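Colleague: Can you keep this structure in mind? I'll have questions shortly.
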Amino acid sequence: DKGNHRHFMEKEIYEQPEIISHALGHYIDFASHTVKSTDKAIDFSKLSGLAISACGTAYLAGLVGKYWFERYARLPVEIDVASEFRYRELPLSPTQAALFISQSGETADTLASLRYCKDEGLKIGAIVNVKESTIARESDAIFPILAGPEIGVASTKAFTCQLAVLASLSIAAGRARGTVSEADEKAMVKHLAEMPRIMSKVLNEIQPQIEALSRDLSRFKDVLYLGRGTSYPLAMEGALKLKEISYIHAEGYAAGELKHGPIALIDENMPVIVIAPHDRFFEKTVSNMQEVAARGGKIIFITDEKGAAASKLETMATITLPNVDEIIAPMIFSLPIQLLAYHTAVFMGTDVDQPRNLAKSVTVE
Ligand code: M6R
């Protein structure tokens, strides 16, 4: 049931604050501001490293997770798309653990990667939406994302719930490994606890601007997304979402890679969507944005209040989100990206929930 929404995708975008709050309840204690101990089959304290694999949007959630596990838990992460991972002959050791992320829990390549790691003697963790799925059944530890059924082929709420679970697990891993202090844990968990309220506020505030902007965006044939740090996977997620449902060609790039190739494409016919919260990468990303502006590129700047105040560049549009802590920024910055793809597709009249050639669950190689 779509309720009063036009598409399941729209419903699932707007469900996120409530669903994430519910999902977080499984991983954090809202009263004491600590992470709860979840499935103990994986002992993060003793690991030498983590392997992560998944496909599509789930893979991009894993890429954000990589930044978190490395920064907060000082745990090296090997990550690859499952269709490559399974054939890489990556040397692994039982001192590592492996995490597989899948909404459906049935993705063929992800399952094959899981079995590869199992054969190598690694403990297996599954970050899944469907708890009865094959991937969940074959894992030692299950970390449910509790997003409820996701009907739209373009993944939205599953992505932000996967991120919420990964954020919680990386804090838990940091506590177990002594790299996150009790005070840091409290501070980060407080930010996670505030996130649902901020998400609702953002969804309401940005909708009219994004809808108007989408009308302009729907006239272009190519779009480039740029980001740095955890905003880099978000750039790729933004591009994936746009191409899936609007069929506009889009690429997501690490902002620093701009001058190693894609800058050759910059002209007034290819908008560049820059995702840049005012974090420790902000200045660097703005200097990449300057390179775009200097070549007549059109910029859509997705930033926060501090970032909007700090940049004087002329843009096609600036979407200003509230200033938030960096642990929750990827979830908050997912919202404009999802809405932009959604409204652009609606303007173009595509089949938003059932885009051509795509299946919700990819159970063959
Ligand atoms: O069920 P899974 O999470 O394993 O699916 C993985 C991908 O097929 C999926 O995320 C796909 O990329 C989505 N259509 C993206 O919106």
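Colleague: Going by amide H atoms built from the backbone, whose H comes under 5 Å of the H on I28, apart from near neighbours?
Modeller: Under 5 Å from the amide H of I28 lie the amide H atoms of K36, each far enough along the sequence or on another chain.
Colleague: Given the Cα-Cα distance of R177 and R137 and 0.36 nm per residue of separation, how much length would full extension add, in nm?
Modeller: Full extension of this stretch gives 11.6 nm more.
Colleague: What is the chain's relative contact order, in percent, from Cα pairs under 8 angstrom and six or more apart in sequence?
Modeller: Working: 743 pairs, mean separation 70.4, N = 365.
Relative contact order, the chain: 19 percent.
Colleague: For the range 55-111, take every pair of Cα atoms, bin their distances at 5 Å starting from 0, and report each bin as a whole percent.
Modeller: So the P(r) values, bin by bin, are 4, 17, 27, 26, 19, 6, 0.
Colleague: Turning to a different aspect of this structure: Ranked highest first by the average count of other Cβ atoms within 10 Å around their residues, in what order do 124-137, 17-30 fall?
Modeller: Output ranking for 124-137, 17-30: 124-137, 17-30.
Colleague: Would you work out the relative contact order for the range 217-286, in percent, from Cα pairs under 8 angstrom that are 6 or more residues apart?
Modeller: For the range 217-286, the relative contact order is 42 percent.
Colleague: Which cross-chain or sequence-distant (5 or more) residues have an amide H under 5 Å from the amide H of V180, H modelled 1.01 Å from N in plane?
Modeller: Residues meeting the amide H criterion: R175.
Colleague: Hey, fewest Cβ within 10 Å first, where do R115, R175, R71 land in order?
Modeller: With the sparsest Cβ surroundings first, the list reads R115, R71, R175.
Colleague: Between V364 and E120, what is the label-point separation in nm under the 7 Å Cα-to-beta-carbon projection?
Modeller: Those two pseudo-labels are separated by 2.9 nm.
Colleague: Which far-off residues, 5 or more places away or on another chain, put their amide H under 5 Å from the one on A141, with H placed in the peptide plane?
Modeller: I124, G125, A126
Colleague: Let me ask something else about it. Could you pull the Cα extents of the chain along its three principal axes, largest to smallest, in whole Å?
Modeller: 53, 45, 44
Colleague: Two decimals, Cα atoms only, Kirkwood Rh: what is Rg/Rh over the range 230-365?
Modeller: 0.98
Colleague: With everything on Cα atoms, drop me the angle between helix 231-246 and the longest principal axis of the chain, reported from 0 to 90° to the nearest 10.
Modeller: 70 degrees
Colleague: With a ≥ b ≥ c taken as the square roots of the eigenvalues of the C-alpha gyration tensor of the range 8-61, please select rounded if a/c is under 1.5 and otherwise prolate if a/b is larger than b/c or oblate if it is not? Could the numbers behind the result be given before it?
Modeller: Details: a/c = 3.61, a/b = 1.25, b/c = 2.88.
Oblate, because a/c is 1.5 or more while a/b does not exceed b/c.
Colleague: Can I ask one more? Could you work out how far apart the two model spin labels at R356 and R74 are, taking each label as a point 7 Å from the Cα in the direction of the beta carbon, and quote it in nm?
Modeller: Label at R356, label at R74, 5.3 nm between them.
Colleague: From the backbone phi of the range 62-75, what are the Karplus-calculated ³J(HN,Hα) couplings (6.51 cos²θ - 1.76 cosθ + 1.60, θ = phi - 60°) in whole Hz, Gly and Pro given as x?
Modeller: x, 5, 5, x, 4, 4, 5, 4, 6, 6, 8, 9, 6, 10
Colleague: Could you state the number of Å between the C-alpha centres of the range 117-184 and the range 288-302?
Modeller: Cα centroid to Cα centroid, the span is 36 Å.
Colleague: Let me ask something else about it. So what's the range 162-214 giving for Rg/Rh, alpha carbon basis, Kirkwood Rh from the mean inverse pair distance? Can you show the working numbers first?
Modeller: Values: Rg = 15.6 Å, Rh = 13.0 Å.
Result: Rg/Rh = 1.20.
Colleague: Still on this structure, please answer the following. Over every pair of different alpha-carbon atoms in the range 41-167, take the mean of 1/r and invert it; report that Kirkwood radius in Å.
Modeller: Taking the inverse mean of 1/r over all distinct Cα pairs, the range 41-167 comes out at 14.1 Å.
Colleague: Something else now. Between D267 and N204, how high is the FRET efficiency from 1/(1 + (r/R0)^6) when r is the Cβ-Cβ distance and R₀ = 25 Å? Nearest 0.05.
Modeller: With a Förster radius of 25 Å, E is 0.10.
Colleague: I need to check one value: relative contact order of the range 233-365, counting alpha carbon pairs closer than 8 Å and at least 6 residues apart, in percent.
Modeller: So the answer I get is 27 percent.
Colleague: Still on this model: Please say if the range 193-249 is rounded, prolate or oblate, where rounded means a/c under 1.5 for a ≥ b ≥ c the square roots of the C-alpha gyration tensor eigenvalues, and otherwise the choice is prolate for a/b larger than b/c and oblate otherwise?
Modeller: It is oblate, given that a/c is not under 1.5 and a/b is not larger than b/c.
Colleague: What number comes out for the charge environment of A176, summing +1 per Lys or Arg and -1 per Asp or Glu over other residues with Cβ under 12 Å away? Could you put the intermediate results ahead of the total?
Modeller: On the way: positive: K40, K46, R74, R175, R177; negative: D43, E185.
Net local charge, A176 excluded: +3.
Colleague: Still on this structure, please answer the following. What is the spin-label model distance, in nm, from E291 to D184 if the labels are put 7 Å beyond Cα along the C-beta direction?
Modeller: With each label placed 7 Å out from Cα toward Cβ, I get 3.1 nm.
Readers should treat all values here as calculations from the given coordinates under stated rules, not as data from a laboratory. Just so we're clear, the structure is a prediction, and the values are computed from it rather than from any experiment. Here the Cβ is made from the backbone with ideal geometry for all residues, glycine too, and neighbour counts use every protein chain on show.
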